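One structure is given below, encoded as structure tokens.
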């Protein structure tokens, strides 16, 4: 808040002795930041669009709540809504602008099919599940009607449980939202008090249905409505932050996992290479041994061949010597036998080169010789 402008006065004395009137120094001009605000709200600077669906029974104040947020004014006239949407630009904590689109839906059963189409086509990011704190039927329908509908059409979408018309509860309970019996109601009776839902009841129901949060508001106070809308925006912002953190953690864990697997693969590869080397060395050693054995076998075979060749050569030379000596002996023996058996004759002596013909008496026994001689 700027301080009020200050003024200073100066007094001067002229030569005539007349005193001049004080002069006020104008304050410094106030800086106009409207252009900067408009620039910040420029749709071109919007970083995200958030779609928020508003559901709940008819007459619980959904449309009035949205109009109070947009216009910052309280609308008393009730107009049943079939399908409508409102848009606003909000600045989040980190200075970024988001465009929040609020979808108003009809709560009557006659429009259930239209709501189903809206769930499918709009794809809401967050819901405001509304009930009236002075209408217990709408409070019960939160659990038995609207929660099953949200789960069936938008499973996993976060939602806030919102109690509306707190101003009417304050009127009926004497201004005590948490204790309906602390003071007598301004208007109504016991039946009216039984329809009132306290803040603790709302918190308990929110916990039962697993709502993200429980909040209360009145359309007569636009700031209370703005808190509800900002809470819905923050849910999505925090959800994305958590998602980024989880993704970062997941990414880091994935990197660690990949590094661990890579080290494991390197170890396995090193073991495999070492195993292959040992296998190759073993294979080369067996090949060398077989080659050495083969060479030794070849050498032994060559030695055996040489030995057999030498023995065969010795046999051949021995046979030659035997052949050379045997004819002489046979010739000498045959000549000696011829000398003994054949009588010497002049013809044989005269022609020694002529081979002698066998005598008729050769090859006969002594008895045959006697017989032959007797015949002669």
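Observations on the model:
- Any hit, the stretch 241-250, residues being in contact with a helix residue (DSSP H, G or I) (Cβ under 8 Å, 6 or more places away or on another chain) and either surrounded by 12 or more Cβ atoms within 10 Å (Cβ to Cβ) or farther than 27 Å from residue 74 by Cβ (or both): no
- Residue match in the stretch 290-303 (condition: in a helix (DSSP H, G or I) and modelled with pLDDT of 85 or more): no
- Among the residues of the stretch 211-240, those identified as farther than 25 Å from residue 72 by Cβ and in contact with a helix residue (DSSP H, G or I) (Cβ under 9 Å, 6 or more places away or on another chain) are 211, 212.
- One residue stands out among those in the stretch 178-199 that are modelled with pLDDT under 95 and part of a helix (DSSP H, G or I): the one that is nearest to the chain's Cα centre (by Cα), which is 194.
The values are calculated or read from the model by the stated rules, or taken from the named source; none is laboratory data. Since the model is a prediction, treat every value here as computed from it, not as a measurement. No Cβ is skipped: glycine too gets one built from the backbone with ideal geometry, and neighbour counts run over all protein chains shown.
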